[in-house]
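S.K.: Right, I'll just put the structure down here and ask away after.
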DNA sequence: CTGAAAGCGCTTACAG
DNA sequence: CTGAAAGCGCTTACAG
């Protein structure tokens, strides 16, 4: 079968332990011995069996990443960054698609999936904080994505409220006064939707512009839903001179619908989004949006999770670092 | 530490082997015994340690997937489908991003990555067939993506030539006669680019339309490159009434550039692509393109790979199934 | 139908 | 600096 450490030890005329020492870069090995082992490894084409290492050491060097679906660009781009960040630190990432279903999220939190990984990055969509805490085992867990907020859980935050306020302020400074919001209910307080809506309201208030609930349109955070919501808004006769999609998919859907209806963007109606997915740069017109700091989110969440995995003291305080956002001003709302 | 099979055996008053039998659904167990074991599992919260199972059985039940980068929508969407197909058959997928670099592809083919997986799905971009055959170990390998074609390797094909001909014929039937091609060199014969170019030429020939090398613009298969190529084409003064992007990214880049320059699509210039990524449906105007059968590619490649993993006979013939394509006619080229 | 034993290929104390 | 032994938690022949 495969070449094992035993074969290498025999070929190099040393013990198993010495081979292990060489492989794991143990410092105090006589250079000549080390060279002999390295030569033997080369000659035999030996490769470490990672499964065996995992079983013995109790570490898999894999992180789990639970998200809804990789076919959603924001998640795919985040996953890509997370994989790179993990790789740079000697970890691999095993992705699990929840399909936005509570059952799958639950399974990912407690099932065998966890025995394959040292810790979990989790973008919850269906479960709430209580359910997550109940289902989570003892292995480290870091949340992403903001649908869940809880002081008991490690998570990487984005500045939802501040960023949404910045987008709104930018639209107001461009002379817009009737800014429609796609993707929230009038009363929302929590979650990304609630926080972004709060930012929107705060910016309006700061500018002395009245808040009109008729401009707030609830819908799923998908492109087709954004197009539909825009259509309903246009048909309803409510007047508006700007659309703020609470994510880019919504904003791109709005853009599409407005262009289909022959409305000029940004002349008649400005459009802005939230996320800065790659596509926003290439839309026609290109989309003004907020970059929530994807690379930074990836870096910090991986860093925090690995810190939890590798630290001895179990009594660490909960950490909730915030990534820095940036406004990206493009053609749809110059 | 964790609950082991031993703990379960003790609690249920049976041997290790019996617990193993229950877990692995061995048929002939007395129902009462089985129930006792299941109760013990439940009570203790036992979960199989997959690492230990892998080490002993020599099977990881994981498939490797090597692709350039998940942030590229086509790959992300394909990865999503592949993960679902694998999941349905009891396998997980471990994704490795090559970043389109030969060194990384090489590492994925032979490195420790392989000891974590039972087989590999590989979308080669940098390595050629010889290099792949030289680097590949003994574990099963199935290729995707068409940059490499070789009779010695299992792969799932798409009908590049036929599909490109169908797109071209559709443009010709719409009255277009000067169809620019983005993403190939005039002389290309092999790879997706060569095959698609061949399909284009075949369709022209069938319609009795002359082939003009000035209409063939080489560039990377990225959106910005498609926009640049379109800009160069417009600036060069070469006349054209349609653009065929050899993938959707190129076509979407062309669409963007044409709209920026104030050219009407499809009235003045029709645009078509290849891939049917989700975004093409939502572009403005929506993009006419070819769906190469992504779900089918995912299904068949996973199926073929698992067949290789699980079959005993090593002397199987090379298989190269072809996925069926479909033309998606939308606004950009009705 | 069920048990007792061996062993997958490593790492980890324990010695020296 | 290096060795000999134990053991991570399973599955797999081998018995009965």
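The values are calculated or read from the model by the stated rules, or taken from the named source; none is laboratory data. Owing to the predicted nature of the structure, the values given are computational and were not obtained by experimental measurement. Note that each Cβ is placed from the backbone with ideal geometry, even for glycine, and that neighbours are counted across all protein chains shown.
S.K.: Does the range A:15-22 contain any residue that is more than 9 Å from DNA strand C (Cβ to nearest atom) and away from every other protein chain (no Cβ under 14 Å)? Walk me through how you get there before you give the answer.
M.R.: So in the range A:15-22, the residues more than 9 Å from DNA strand C (Cβ to nearest atom) come out as A:18, A:22.
Checking the rest, the ones that are also away from every other protein chain (no Cβ under 14 Å) come to A:18, A:22.
Checked the range A:15-22: at least one residue is more than 9 Å from DNA strand C (Cβ to nearest atom) and away from every other protein chain (no Cβ under 14 Å).
S.K.: With the checklist (1) at pLDDT 95 or above; (2) in contact with a strand residue (DSSP E or B) (Cβ under 6 Å, 6 or more places away or on another chain) in hand, flag the one item residue A:309 doesn't pass.
M.R.: (1)
S.K.: Give the number of residues within the range A:88-106 that are assigned to a loop (DSSP other than H, G, I, E, B) and more than 10 Å from chain B (Cβ to nearest Cβ).
M.R.: Within the range A:88-106, residues that are assigned to a loop (DSSP other than H, G, I, E, B) and more than 10 Å from chain B (Cβ to nearest Cβ) number 6.
Conditions (1) within 12 Å of chain B (Cβ to nearest Cβ); (2) without any contact (Cβ under 8 Å) to a residue 60 or more places away in the chain, marked per residue:
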position	(1), (2)
A:221	no, yes
A:245	no, no
A:278	yes, no
A:290	no, no
A:293	no, no
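Matching residues to (1) farther than 24 Å from residue B:116 by Cα; (2) in the same structural domain as residue A:272 (by TED's automatic domain parsing):
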{"residue": "A:110", "(1), (2)": "no, no"}
{"residue": "A:126", "(1), (2)": "yes, no"}
{"residue": "A:131", "(1), (2)": "yes, no"}
{"residue": "A:164", "(1), (2)": "yes, yes"}
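S.K.: Let me confirm something: among A:85, A:40, which residue is surrounded by 16 or more Cβ atoms within 10 Å (Cβ to Cβ), more than 11 Å from every other protein chain (Cβ to nearest Cβ) and within 16 Å of DNA strand C (Cβ to nearest atom)?
M.R.: Values: A:85 fails: within 16 Å of DNA strand C (Cβ to nearest atom).
Going through A:85, A:40 in turn, the sole match is A:40.
S.K.: Another one. Working carefully through the options A:54, A:80, find the one that is under 17 Å from residue B:94 (Cα atoms), without any contact (Cβ under 8 Å) to a residue 60 or more places away in the chain, within 9 Å of DNA strand D (Cβ to nearest atom) and in a helix (DSSP H, G or I).
M.R.: A:54
S.K.: Which condition from (1) surrounded by fewer than 18 Cβ atoms within 10 Å (Cβ to Cβ); (2) outside any loop (DSSP other than H, G, I, E, B); (3) within 40 Å of the chain's Cα centre (by Cα) is the one that residue B:65 breaks?
M.R.: Condition (1) is where residue B:65 drops out.
S.K.: For residue A:38, indicate whether it is within 16 Å of DNA strand D (Cβ to nearest atom) and out of contact with any strand residue (DSSP E or B) (no Cβ under 7 Å at 6 or more places or on another chain).
M.R.: Yes: the conditions hold for residue A:38.
S.K.: Hey, another quick one. Could you list, in sequence order, the residues of the range A:12-35 that are part of a loop (DSSP other than H, G, I, E, B), within 17 Å of residue A:53 (Cα to Cα) and near DNA strand D (Cβ under 7 Å from one of its atoms)?
M.R.: If the condition is that a residue be part of a loop (DSSP other than H, G, I, E, B), within 17 Å of residue A:53 (Cα to Cα) and near DNA strand D (Cβ under 7 Å from one of its atoms), then A:26 is the only one that fits.
S.K.: Tell me, which residue of the range B:284-304 that is touching a helix residue (DSSP H, G or I) at 6+ places or on another chain (Cβ under 6 Å) and farther than 21 Å from residue B:156 by Cα is modelled with the highest pLDDT?
M.R.: Once the filter is applied, the top-ranked residue is B:287.
S.K.: So if I check each of A:127, A:116, A:70, A:109, which one is free of Cβ contacts under 8 Å to residues at least 60 places away in the same chain, facing chain B (nearest Cβ under 10 Å), buried (at least 17 other Cβ atoms within 10 Å of the Cβ) and over 24 Å from residue A:279 (Cα atoms)? Step through it out loud before you land on a result.
M.R.: Working: A:127 fails: facing chain B (nearest Cβ under 10 Å); A:70 fails: over 24 Å from residue A:279 (Cα atoms); A:109 fails: facing chain B (nearest Cβ under 10 Å).
On inspection, the qualifying residue turns out to be A:116.
S.K.: Return the residues of the range A:64-86 that are farther than 19 Å from residue A:125 by Cα and touching a strand residue (DSSP E or B) at 6+ places or on another chain (Cβ under 8 Å); say none if nothing qualifies.
M.R.: A:80, A:83, A:84, A:86
S.K.: Looking only at the range A:57-67, filter to residues that are within 9 Å of chain B (Cβ to nearest Cβ) and closer than 29 Å to residue B:81 by Cβ; which one of those is farthest from DNA strand D (Cβ to nearest atom)?
M.R.: Going through the qualifying residues, I end up with A:62.
S.K.: Which residue out of B:267, B:239, B:279 is within 15 Å of residue B:331 (Cβ to Cβ), out of contact with any helix residue (DSSP H, G or I) (no Cβ under 7 Å at 6 or more places or on another chain) and not assigned by TED's automatic domain parsing to the domain that holds residue B:145?
M.R.: Working: B:239 fails: within 15 Å of residue B:331 (Cβ to Cβ); B:279 fails: out of contact with any helix residue (DSSP H, G or I) (no Cβ under 7 Å at 6 or more places or on another chain).
That would be B:267, the only listed residue that is within 15 Å of residue B:331 (Cβ to Cβ), out of contact with any helix residue (DSSP H, G or I) (no Cβ under 7 Å at 6 or more places or on another chain) and not assigned by TED's automatic domain parsing to the domain that holds residue B:145.
S.K.: Also, I was wondering about something else. Filter the range A:182-209 for residues that are at positive phi and not in a helix (DSSP H, G or I); which is surrounded by the most Cβ atoms within 10 Å (Cβ to Cβ)?
M.R.: Among those that are at positive phi and not in a helix (DSSP H, G or I), it is A:183.
S.K.: While we're looking at this one, here's another question. Exactly one condition in (1) part of a loop (DSSP other than H, G, I, E, B); (2) surrounded by 15 or more Cβ atoms within 10 Å (Cβ to Cβ); (3) within 9 Å of chain B (Cβ to nearest Cβ); (4) within 12 Å of DNA strand C (Cβ to nearest atom) is not met by residue A:46; state its number.
M.R.: That leaves (3) as the condition not met.
S.K.: Let me ask something else. Evaluate the following for residue B:244: is it in the same structural domain as residue B:171 (by TED's automatic domain parsing), at pLDDT 90 or above, within 21 Å of the chain's Cα centre (by Cα) and farther than 30 Å from residue B:62 by Cα? Before the answer, list the steps.
M.R.: On the way: in the same structural domain as residue B:171 (by TED's automatic domain parsing): yes; at pLDDT 90 or above: yes; within 21 Å of the chain's Cα centre (by Cα): no; farther than 30 Å from residue B:62 by Cα: yes.
For residue B:244, the condition - in the same structural domain as residue B:171 (by TED's automatic domain parsing), at pLDDT 90 or above, within 21 Å of the chain's Cα centre (by Cα) and farther than 30 Å from residue B:62 by Cα - is not met.
S.K.: So is residue A:54 in contact with a strand residue (DSSP E or B) (Cβ under 9 Å, 6 or more places away or on another chain) and within 11 Å of DNA strand C (Cβ to nearest atom) or not?
M.R.: Judged against the criteria, residue A:54 is a match.
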